[in-house]
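Let me begin by presenting the structure, written as structure tokens, before commenting on it.
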Amino acid sequence: MNFATEVAKNLLQIKAIKLSPQKPFTWASGLKSPIYCDNRTLLSYPAIRDLVVKGFIEKAQVFPSFDVVAGVATAGIPHGALLADRLKLPFVYVRAKAKEHGRQNLIEGEIRAGQKVLVVEDLISTGGSSLQAVEALRAEGCIVVGVLAIFSYEFPVATESFKATNCQLETLSNYSVLTQVAIDSAYVSHEDQETLRKWRQDPELWSTQWQN
């Protein structure tokens with residue numbers, strides 16, 4: 001069993017990721033989806049939490065050397081902090097928007113121009129929140145070596161967005177691996193495999209067709 005498969009298997013087992021092709025979930029955006037992911041759940045499972053941190057430490061080696069770990073608020077904060085702690089590096093986190101009071105910080109923690117930063121996120125969907133954090137760090141004069149996440153839906157729009165912004169992305173596991181694990185373990189049926197494939201190719205179209 002490779003590492004991506006092991007991560008996917010554990011996320012399914014603790015229901016950090018749920019698949020329901022026949023009764024889709026409704027995301028905050030209103031989009032219908034056969035998958036729901038909340039990687040904050042794994043924080044309650046020490047063994048799986050350690051597995052993810054171990055994976056992060058190994059994956060971090062594919063990036064150029066870095067001075068700081070930055071978590072993307074809010075879900076990327078605990079995972080980034082755990083990685084920074086293990087690597088004995090400074091940690092900061094990037095808000096979705098600046099605070100409306102106090103110093104009105106967008107980036108919490110000490111950061112200096114010229115520092116090399118690895119951004120940590122829990123989940124990559126369109127890549128919007130991660131790349132927003134990347135741009136915030138770049139605006140402060142930092143050099144972002146890339147983004148490291150637990151899981152990716154592998155949406156084409158995310159791939160193109162990271163490419164367009166010249167930002168390397170690495171994840172511990174992904175949608176393709178997860179669906180194969182789900183099929184092999186009979187979590188979903190073979191008939192549902194096509195449904196899951198169509199959703200990933202065009203989530204908005206699939207959502208519209210399902211509701212109709």
Partner aspartates and glutamates for Lys88 [C-alpha distance under 19 Å; skip if fewer than 8 residues away on the same chain]: Asp50, Glu58, Asp67, Glu108, Glu110, Glu121
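Roughly how many percent of the accessible protein surface of the chain is carbon and sulfur, given a 1.4 Å probe and a whole-percent answer? Could the numbers behind the result be given before it?
Values: 5260 of 10790 Å².
It is 49 percent, rounded to a whole number.
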Computed label-point distance, nm, for sites Lys116 and Asn2 using a 7 Å Cα→Cβ extension: 2.6 nm
Of all DSSP beta bridges in the chain, antiparallel share, percent nearest 5: 25 percent
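Within a Cβ distance under 14 Å of Thr208, other residues only, what is the Lys/Arg minus Asp/Glu net charge?
0
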Residue-span extension gain [Arg138 to Asp184] - 0.36 nm each, minus C-alpha spacing: 12.3 nm
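Let me check I've understood the local charge: for Ala73, count other residues with C-beta under 9 angstrom from its C-beta, Lys and Arg +1, Asp and Glu -1. What total comes out? Please report the intermediate quantities before stating the final value.
On the way: positive: Arg95; negative: Glu108.
Here the charged neighbours net out to 0.
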Highest-MSF residue in the chain out of Gly114, Gly146, Gly55 [GNM, Cα springs under 10 Å]: Gly114
Other-chain or far-sequence residues with amide H under 5 Å of Gln168's (modelled H): Val147
Degrees between helix 76-87 axis and first principal axis of the chain (Cα, 0 to 90, nearest 10): 60 degrees
Cut-off 19 Å (backbone N to label point 7 Å along Cα→Cβ of Asp50), residues of segment 162-183: none
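In a shell of Cβ-Cβ distance under 14 Å around Ala133, excluding Ala133 itself, what net charge do Lys and Arg (+1) and Asp and Glu (-1) give?
Working: positive: Arg95, Lys97, Arg138; negative: Glu108, Glu121, Asp122, Glu135, Glu140.
Once all neighbours under 14 Å are counted, the net charge is -2.
Given the pairs Lys54/Lys116; Lys9/Lys54; Lys18/Lys54; Lys15/Lys198, which span a C-alpha to C-alpha distance of over 18 angstrom in this model? Each step should come with its number before you reach the end.
On the way: Lys54/Lys116 21 Å; Lys9/Lys54 16 Å; Lys18/Lys54 23 Å; Lys15/Lys198 22 Å.
Correct reply: Lys54/Lys116; Lys18/Lys54; Lys15/Lys198.
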Tilt relative to the chain, helix 175-184 - C-alpha long axis, 0 to 90 degrees, to 10: 40 degrees
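Counting only heavy atoms of the protein chains, get the accessible area per residue of segment 1-142 (1.4 Å probe) and round it to a whole Å² value. It would help to have the intermediate numbers written out before the result.
Numbers: 7120 Å² over 142 residues.
About 50 Å² of surface per residue is accessible.
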GluC sites (Glu not before Pro) restricted to segment 1-106 and DSSP loop, no more than 10 other C-beta within 10 Å: Glu100
Nearest 10 degrees, 0 to 90: helix 128-139 Cα axis against the chain principal axis: 10 degrees
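The values are calculated or read from the model by the stated rules, or taken from the named source; none is laboratory data. Keep in mind the model is a prediction, meaning the values are calculated, not measured. Note that we place each Cβ from the backbone using ideal geometry, even for glycine, and neighbour counts take in every protein chain shown. Side chains are part of the model used for accessible areas, which takes the heavy atoms of the whole protein and leaves out ligands, DNA and RNA. Shrake-Rupley method; radii C 1.70, N 1.55, O 1.52, S 1.80 Å.
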